Amino acid sequence: MIARFNLKPMDYLGAPESKQTFNRSLFAEVAPKYDFITQALSFGRDGAWKRHLLKSLPELEAPQCLDLACGTGDITRMLAKRYPAGKASGLDLTPAMLAIAEKQTGNAAITYIEGSMAELPCKTASLDIVTGGYALRNAPDLNQAIDEIARVLRPGGQAAFLDFSKPVNRTGQRISHFLLKFWGGFWGLLLHGNPDVYGYIADSLKLYPDRAVLRKRFEDRGFQLCSSRKFFGGLLQVVRFEKG
Ligand SMILES: C[S@@+](CC[C@H](N)C(=O)[O-])C[C@H]1O[C@@H](n2cnc3c(N)ncnc32)[C@H](O)[C@@H]1O
């Protein structure tokens, strides 16, 4: 198994094309263990954080929803349950993740799409809600992904994300990098014989903007921050923006 994943994260995460190639290879390796590792890495808290994300969204009659980097589709399914008269789609780069999502979904109202956050296969101003769990940090080019989210949302549309979050101060950044490198490395070694498989989380966060810069990137594209909540001392965050 592990022979297929011999990529060193930092060699690939710095440029959009190589990052996308790296992610496709990484998540093809991780897919069969993804649901288990998400529980293990989060000490079983992942579901609660995702429920918080869903709860932070407003009451809407029949919204058109897109879940970015949907993986095995848990947030997509939560959207379909929360808005039974709406439409939920999940988009992901990795066929192996989507295959598991499809297997776990008995709801014909949900559509899964193979594609990239870099170029959303949606009409301009056609969506009411865009979500993402551990999504934006994996975008090949973050600014391009936020531009795309701004393009596909209607005015008043909601964008809500759960992800690891980078503190603004250097000491906080060093501590969170160390914790993630250690915890991800441990599970990577245990499940795949390779610490880089989940150690990549720390590396991708290193190259990601801190919380204040991330907020500004959304605000620069006409979004307004509506709510934000930190978990695990700020190692993770759920944020919701509204498009002006
Ligand atoms: C950490 S998983 C998150 C899965 C799920 N959203 C969750 O909350 O558990 C990251 C997902 O991002 C996907 N991904 C990576 N790069 C992507 C891209 N450029 N466009 C769309 N999905 C991408 C991967 O295939 C993977 O399924």
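Counting other beta carbons within 10 Å of each Cβ, put Thr76, Thr38 in order, fewest first.
Ranked by crowding around the Cβ, least crowded first: Thr38, Thr76.
Considering Cα pairs under 8 angstrom that are at least six residues apart, work out the relative contact order of region 163-224 and quote it in whole percent.
35 percent
Quick one: putting +1 on the C-beta of Lys and Arg, -1 on the C-beta of Asp and Glu, what dipole do you get for the chain around its Cα centre, in Debye to the nearest 20?
That gives a dipole near 700 debye.
How would Cys122, Cys65 line up from fewest to most surrounding beta-carbon atoms within 10 angstrom?
Result, fewest neighbours first: Cys122, Cys65.
Quick one: what does P(r) look like for region 115-230 with 10 Å bins over all Cα pairs, in whole %?
13, 39, 31, 15, 2
Relative contact order (percent) for the chain, with alpha-carbon contacts under 8 angstrom and 6 or more residues of separation?
Once normalised by length, the contact order is 19 percent.
Round to a whole angstrom and tell me the spacing of the C-alpha centers of region 210-241 and region 41-82.
17 Å
How much mean residue ellipticity at 222 nm does the chain get from its helices, if each DSSP H run of length 4 or more adds -39500 (n - 2.57) and you divide by all residues, to the nearest 500 deg cm²/dmol?
Computed mean residue ellipticity for the chain: -14000 deg cm²/dmol.
Any chance you could give the angle, 0 to 90 degrees and rounded to 10, that helix 170-192 forms with the longest Cα principal axis of the chain?
Relative to the chain, helix 170-192 is tipped by roughly 70 degrees.
Which length gain, in nm to one decimal place, applies between Gln104 and Ala85 when the Cα-Cα distance is subtracted from 0.36 nm times their residue separation?
Difference between extended and current length: 4.8 nm.
Quick one: net charge around Asp203, please, counting Lys, Arg +1 and Asp, Glu -1 for every other residue with C-beta under 11 Å from its C-beta.
Taking every Cβ under 11 Å from that of Asp203, the sum is +3.
Could you pull out the pairs from Lys33/Lys243; Lys55/Lys103; Lys19/Lys50; Lys33/Lys87; Lys33/Lys81; Lys123/Lys181 whose alpha carbons sit more than 32 Å apart here? The partial results should precede the final answer.
Details: Lys33/Lys243 35 Å; Lys55/Lys103 26 Å; Lys19/Lys50 25 Å; Lys33/Lys87 28 Å; Lys33/Lys81 25 Å; Lys123/Lys181 39 Å.
With Cα atoms farther than 32 Å apart: Lys33/Lys243; Lys123/Lys181.
Report, to the nearest 10°, how far helix 16-30 tilts away from the longest principal axis of the Cα atoms in the chain, using its own Cα long axis and a range of 0 to 90°.
Long axis of 16-30 versus the principal axis of the chain: about 80 degrees.
Excluding Ala108 itself, calculate the net charge of residues whose Cβ lies under 15 Å from the Cβ of Ala108, where each Lys or Arg counts +1 and each Asp or Glu counts -1.
+3
Helix 95-104 sits at what angle to the longest principal axis of the chain, using alpha carbons and giving 0 to 90 degrees rounded to 10?
With both axes taken from Cα atoms, the answer is about 60 degrees.
Apply 1/(1 + (r/R0)^6) to the Cβ-Cβ distance of Val168 and Ala118, taking R0 = 25 Å, and write down the FRET efficiency to the nearest 0.05.
So, using R0 = 25 Å, E works out to roughly 0.40.
All of the numbers you see were taken from the coordinates with simple rules; none came from a lab. Everything quoted here is computed from the prediction, not taken from an experiment. Glycine also receives a Cβ, built like all others from the backbone with ideal geometry; neighbour counts cover every protein chain displayed.
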